[in-house]
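Worksheet for the structure shown next.
The values are calculated or read from the model by the stated rules, or taken from the named source; none is laboratory data. Source: prediction; values computed, not measured. Glycine also receives a Cβ, built like all others from the backbone with ideal geometry; neighbour counts cover every protein chain displayed. Accessible surface areas use protein heavy atoms only, side chains included; no ligands, DNA or RNA. Shrake-Rupley method; radii C 1.70, N 1.55, O 1.52, S 1.80 Å.
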Amino acid sequence: MHRQQNISTEMKVGILVVVGIIILFYMSFRVGKFGVFREGGYDLVVFFDNASGLDPKTPVQIAGVEIGKVKSIQLEGYRAKVNLLIKDKIKIPLDSKIAVKAQGVLGDKYIEVKPGGDKKYFDHGGTIKDVITTPDFDQIFATVNRAAKNFGDTLDEFSGIIGPKEKENIKKSLDNIQTVSNDFKEVIRVNKENITLVVKNASVISGKLGSIVNDVEQGKGTLGLLVKDETLYNDAKETVAALKTISTDIEQGKGSLGKLAKDDALYNDARDTVKNIKDITAGIQKGEGSFGKFTKDEGMYNEAQKTMKKIQKGADGLTEMTPITILGTIIGTFF
Amino acid sequence: MFENLLQRIISPVENIFREFGSIGLMFYQSIYWMFRRPFKFDYILKQMEFVGLNSVLVVVITGVFTGMVLALQSYHGFRKFGSEGLVGMTVALSITRELGPVLTALMVTGRAGSAMAAELGTMRVTEQIDALMVMALNPIKYLVAPRIIASFIMLPLLTIIADFVGIVGGYIVGVKLLGINEGAYINKTIQYLDLDDIYNGLIKAAVFGVILSVVSCYKGFYTSGGAEGVGRATTEAVVVSSVSILISDYVLTSIMF
Amino acid sequence: MKENTAIGIKDLHKQFGDQKVLDGINLDIERGKITVIIGKSGGGKSVLLKHLIGLVKPDKGEIWVDGLDIVKLNEKELNETRKKFGMLFQEAALFDSMNVYDNVAFPLREHTKLSEKAIERAVEEKLKRVGLLAFGEKMSSELSGGMRKRVGLARALIMDPDIVLFDEPTSALDPVISVTIEDLIRETQTHFQKTYVVISHDILGMFRIADKVAMLSNGRIVAEGSPNEVRRSNNEMVQEFMRAVKMPALSGGNYA
Ligand SMILES: Nc1ncnc2c1ncn2[C@@H]1O[C@H](COP(=O)(O)OP(=O)(O)OP(=O)(O)O)[C@@H](O)[C@H]1O
Ligand SMILES: [Mg+2]
């Protein structure tokens, strides 16, 4: 109720109000800063079978760089229609793929766009049709569980079969796999046309290979658990790289493989390998548990680990490159 | 005997409703008088100084330490999952949505609400309110409305300050003391913090400002019983305001978020 | 209601809980005169005074001011009537958020469009009359009881209201200042022909200035009339009062 002091009161209250408003503006500015919404952008539509974990404002990325955000999510039919707001300056080729990904095991979901090579780009309101479905966490955990169990079983089986002879075989097969993969590269480079003939002979073996691949796939979790070994990991990587090259080469060289058949040495090499693998698988199938023996043999154990790892990683690499069925057919026909 | 018992059960309930009614009536009258000339800007200003400026220090201290302790607590939790980056977001969301407005309102209740009740209570028992009425001046307009307006304006202002210093406090503890990756801390904060979180928090604060001022003024305005009555009114003002704030916080939260 | 009646009180009843404070008051306050109300402490004088300005609603009865029964008025109409009034409260009721000057200036600032200069002149004039010109900057909480009373008096008179209600204007004052205040009341009243209602225990002082005296006892007016009429009344309460003030030094020594 004082009149005399009003000027200083006005001043003080004024300062407080101004400070408050400045802070409010500053915070609003910072928070609103992921400025897709402010800068404007264009809309894209994607349909997901499962949009769980996605929210409005979930980031959309290319190569880990944010290019936009989820604008809204609705149910259309029984699928999730997700509207994306993409920054104007980012152009997305028509053949791009899109996937929901997570940052780490407990990390947040985000949407990853894998740009294609097309020279035509999406316009406002376009729909990205090529959705890569990724297994969700429940599935992954289920798989890991199963794999862990399988690993136990596999170890038991291994321990049954591994005598000096098998040891030799495995060693040999490992060498051979190495050789084969290297040789394959060589062969495919040199003898692309001759391969067709070999293909016919190889069909018998394809079945076996299929089962190996299966085993390998089941071993997946195991390997995950073993990954601590650096060198092992690197070895695996090499194999993967090798196998990758092979598969691409095969894909490219598919039409004219005739020449390969003439190379006897190679053919035999390949056969040897396959036979060794056959031995192992047969042994595994026959074998019964005495685990102790296996674990005591350090070298053996490591070798086995390495093998499994390589095969596993190889298979992973292959699966990633092309659907396994296609590759199976190719390799199957090849042998 | 039986009637007596019934009476004993009914009358407190009755009183509660009567009190709510009177508080509502006082709020209504205040609104009515707010828009009648002449506007008492100097009264409002004086109350803004009292409610706002004089509470800044306590609100800042509350805000900073709340932010700091939030960072510390959530850090220990998130570290178990390796997601320390989420500490910033947790601090920012908790403060802007809940703790900023609620703690500010509780602090202002303790500081200014109690003073409102004591001032008006003293004015009541020393007949100053009667003196105003004798001068043909409406005490609601002169005493209550300015306090409500001032609280309504100042609480959001204090809250935004509390929000800010709270987030800064969390940042200091999280990034500088605990060594959480600064980029992750800030980006997660910005990514998860919506404008709506801040604005809804401020709306809450404004509502709390109205609640605490109306309740405190009501308690003071209808004081009876001399100095002792003033003390009682002050205590009741703080208790009823605080409880009302917490209850209304739940209601507002369930509407807003 | 007679032409020269400023406030007409008819059959006024007020009860706090079980305590009957006013039990059928009938009293006409004459316009342009000083009416003094006397009565026992706790007898309901202050309550009666508050009824006259609408601060307390009666349980029953009528209070006529300028042709309006203020009991039935709504807030807005009541405020119009109140603008004719000034009131000095028993405990002064100064606003303790303001200093002395602002307290006295307050009604002028709220109800008139006077310049600060004019307000200053009016306030200083009144403060001079109550002998507190030097204390304008003091906060009201820093004053003594008697000083507060005098500031309250200045505030009650500042608007030059038609009717002023004084609740014990001299109760906290020393004899010298009491006389000054009584003179002030008398002077302003004679000069402006205002209607004053004064509650007092200071029988001697009040008989000096009163045009009319009313005795309140047991919730009723038991005697009323000019000071001399009341003094000679054979009502027991009045006689009790008169005996109580017959002290040697003041009444010429014939106490027995
Ligand atoms: N608001 C109230 N609630 C309850 N009782 C009241 C109230 N106001 C006054 N009373 C009672 O009414 C009676 C008269 O009070 P009042 O103040 O009018 O006395 P008074 O004649 O002015 O006495 P004094 O000369 O001491 O001032 C007292 O007994 C008091 O207890
Ligand atoms: Mg009294």
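Side notes on the structure shown:
- B:VAL59 sits among other residues whose Cβ lies under 12 Å from its own Cβ, and their net charge, with Lys and Arg +1 and Asp and Glu -1, is 0.
- Remark: accessible area buried at the C-B interface is about 1600 Å², both chains counted, probe radius 1.4 Å.
- Loss of accessible area when A meets B, both sides summed, Å² nearest 100, probe 1.4 Å: 2700 Å²
- Relative contact order computed over region A:41-135 (Cα-Cα under 8 Å; 6+ residues apart), in percent: 34 percent
- Burial of 50 Å² or greater, region C:78-94 residues [accessible area, probe 1.4 Å, versus chain by itself]: C:ARG82, C:PHE89
- Where only DSSP H runs of four or more residues are counted, chain C gives -11500 deg cm²/dmol as its mean residue ellipticity at 222 nm, each run worth -39500 (n - 2.57).
- Computed over protein heavy atoms with a 1.4 angstrom probe, the accessible surface ordering of A:TYR110, B:TYR28, largest first, is B:TYR28, A:TYR110.
- Net charge contributed by nearby residues that have their C-beta within less than 12 Å of B:GLY229 (K/R +1, D/E -1): +1
- With at most 11 other Cβ atoms within 10 Å, longest stretch of chain B clear of loop trypsin sites (Lys or Arg not before Pro) (DSSP): B:81-257
- Entries of A:LYS57/A:LYS91; A:LYS119/B:LYS188; C:LYS149/C:LYS194 with Cα pairs more than 29 Å apart: A:LYS119/B:LYS188
- Carbon and sulfur %, accessible surface of region A:41-135 computed with the full protein complex present, 1.4 Å: 53 percent
- For A:10-19, mean number of other protein chain Cβ atoms within 10 Å: 5
- In order through region B:196-203: 3J(HN,Hα) via Karplus (6.51 cos²θ - 1.76 cosθ + 1.60), integer Hz, x for Gly, Pro: 4, 4, 5, 5, 4, x, 6, 4
- Stokes-Einstein D for chain C, Kirkwood Rh over Cα pairs, 10 °C, 1.306 mPa s (µm²/s): 84 µm²/s
- Descending Cα extents along the principal axes, region A:41-135, whole Å: 35, 30, 22
- Interface residues of region C:47-70, defined as those losing at least 10 Å² of solvent-accessible heavy-atom surface relative to the isolated chain (probe radius 1.4 Å), are listed as C:LYS50, C:ILE53, C:LEU55.
- Close amide-amide hydrogen proximity is noted between C:VAL198 and C:THR35, C:VAL36, C:ILE37, C:PHE166, each under 5 Å apart and 5 or more residues distant or on a separate chain (H modeled in the peptide plane; Pro and chain starts excluded).
- Along region B:55-61 the Karplus relation, 6.51 cos²θ - 1.76 cosθ + 1.60 evaluated at θ = phi - 60°, assigns HN-Hα couplings of 9, 4, 4, 5, 5, 5, 4 Hz to successive residues, with x for each Gly and Pro.
- Taken along the Cα-to-beta-carbon direction at a fixed 7 Å, the label points for C:SER115 and C:ASP211 span 3.7 nm.
- Along chain C, the longest continuous region that contains none of the GluC sites (Glu not before Pro) in a DSSP loop with at most 11 other C-beta atoms within 10 Å is C:4-136.
- Apportionment of accessible area to carbon and sulfur, chain C, percent (1.4 Å): 50 percent
- Estimated vicinal HN-Hα couplings, Hz - region B:156-169 in sequence order (Karplus 6.51, -1.76, 1.60; Gly, Pro = x): x, 4, 5, 5, 5, 5, 4, 4, 5, 5, x, 5, 5, x
- Beyond 19 Å, the tail of the calculated P(r) for region C:11-144 holds 62 percent of the Cα pairs.
- Accessible surface, per residue, of chain B when the full set of protein chains is kept, probe 1.4 Å, Å²: 44 Å²
- Calculated [θ] (222 nm, deg cm²/dmol) that DSSP helices of n ≥ 4 give over chain B, each run adding -39,500 (n - 2.57): -26500 deg cm²/dmol
- Relative compactness, region B:52-256, computed as alpha-carbon Rg over 2.2 N^0.38 Å: 1.20
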